[in-house]
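The values are calculated or read from the model by the stated rules, or taken from the named source; none is laboratory data. For clarity, every value in this text was computed on a predicted model and none was experimentally measured. With ideal geometry, Cβ positions are generated from the backbone for all residues, glycine too; neighbour counts draw on all protein chains shown.
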Amino acid sequence: MDKQEMVEQAKQMMGLFLTEAKQYIEASFEKKLQIETKSNRNDLVTEVDQYIESLFTRYVKQYFPTHRIFGEEKAEHQVESLDGAIWIIDPIDGTLNFVEQKRDFAISVALYLDGVGEYGIVYDVAKDDLYIGEKGRGATLNGQPIQKVSQERGVANSLLIANLSAVKLYPKLEEAIRVSRGLRLYGAASLEFMAVATGRVGAYLAANLAPWDVAASKIIAEELGCVVSRLSGEEIDMLHKGTSIVALPKVYLELRNSYLQK
Ligand code: 2AM
Ligand code: CA
């Protein structure tokens, strides 16, 4: 199967998966959720996160039996290299929002081939907004092409999103926030990436994100002309947790040159 055929099949599979996932999530709003904590009291997982990942795993096994799956919950495979075809999934990004507010959470899924992000979706379930990026072919929101981001807009004309841990790591960010148009924080990394990718916000800076938090969003954001890296400027690899920034090109340069120095 060539790459384009694979992506076309992936789209077909994704349509069926997302329809089923949305129905399950909406039905779960009517029930009392079983909530467990993971690394700390605010790191949550529900049976919904686990169900959505296992549902996705079933789809991949049917459509692409040789592909590996790297996910946040009950990961099917221990991934130590990015060779071959790998699906990276966060079944619910923004679990705390899901539990507390029933909004501002997303399903995030990406297909990487030999380490290159080829196809990524971020689905804002409550808003029914589906963002899709395909390497070299741009990105869409609900089927409509998304415009590339501004080359001219800088920090002074932008809203910023930054978590407190990022500001602690790079204290000069406080000054960047002061000179910007203001600070926003939504609590779901993929939706924060989409706020930058669609040009609503100038940059999102975070201290500790996992590969599944950024895998799909990075493909979409880069297709729209955003710059994505670690806060240090290094490339993000999809095997390890770490810091991350996504920004409009000029905002990225200003932040890197003036505010992301220790
Ligand atoms: P999650 O909801 O899938 O855990 C805001 O808290 C963002 O950071 C969310 O996208 C959340 O993803 C992610 N996040 C929270 N705790 C994390 C952790 N310990 N490691 C990686 N990402 C985390
Ligand atoms: Ca998650």
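At-a-glance table
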quantity	calculated
Segments classed as helices (runs of 4 or more DSSP H), wholly inside segment 1-118, with at least 3 members that are within 14 Å of ligand 1 (Cβ to nearest atom)	47-63, 95-101
Count of residues meeting criterion [more than 16 Å from ligand 2 (Cβ to nearest atom) and surrounded by fewer than 24 Cβ atoms within 10 Å (Cβ to Cβ)] in segment 199-217	3
Meets criteria (over 21 Å from Val125 (Cα atoms), surrounded by 15 or more Cβ atoms within 10 Å (Cβ to Cβ) and in contact with a Lys or Arg (Cβ under 7 Å, 6 or more places away or on another chain)) for Gly233	no
Verdict on Val122 being within 16 Å of ligand 2 (Cβ to nearest atom) and either in the same structural domain as Met14 (by TED's automatic domain parsing) or assigned to a loop (DSSP other than H, G, I, E, B) (or both)	yes
Exclusive hit being of a type outside the set (D, E, K, R), in contact with a helix residue (DSSP H, G or I) (Cβ under 8 Å, 6 or more places away or on another chain) and more than 21 Å from Gly133 (Cα to Cα), set Ile88, Ile69, Ile25	Ile25
Failed criterion for Ser165 (all others in (1) polar (S, T, N, Q); (2) in a strand (DSSP E or B); (3) outside the structural domain of Val60 (by TED's automatic domain parsing) hold)	(2)
Test: residue in segment 14-30 that is over 23 Å from Lys61 (Cβ atoms) and exposed (fewer than 11 other Cβ atoms within 10 Å of the Cβ)	yes
Test: Glu73 is touching a strand residue (DSSP E or B) at 6+ places or on another chain (Cβ under 8 Å), more than 19 Å from Lys218 (Cβ to Cβ) and free of Cβ contacts under 8 Å to residues at least 40 places away in the same chain	yes
When residues of segment 215-262 are limited to those that are among the polar types (S, T, N, Q) and not in a loop (DSSP other than H, G, I, E, B), the one nearest to Phe70 (Cα to Cα)	Ser217
Single match in Glu118, Glu174, Glu134 (criterion: under 22 Å from Arg184 (Cβ atoms) and among the charged types (D, E, K, R))	Glu174
Residue among Thr198, Thr243 that alone is among the hydroxyl-bearing types (Ser, Thr, Tyr) and more than 16 Å from ligand 1 (Cβ to nearest atom)	Thr198
Any hit, segment 121-128, residues being within 16 Å of Ala188 (Cα to Cα) and exposed (fewer than 14 other Cβ atoms within 10 Å of the Cβ)	yes
Count of residues meeting criterion [touching a helix residue (DSSP H, G or I) at 6+ places or on another chain (Cβ under 8 Å) and either free of Cβ contacts under 8 Å to residues at least 40 places away in the same chain or assigned to a helix (DSSP H, G or I) (or both)] in segment 193-206	4
Test set (1) among the charged types (D, E, K, R); (2) over 26 Å from Arg178 (Cα atoms); (3) in contact (Cβ under 8 Å) with a residue 60 or more places away in the chain - Lys241 fails condition number	(3)
Some residue of segment 85-106 being of a type in the set (Ser, Thr, Tyr) and within 13 Å of ligand 2 (Cβ to nearest atom)	yes
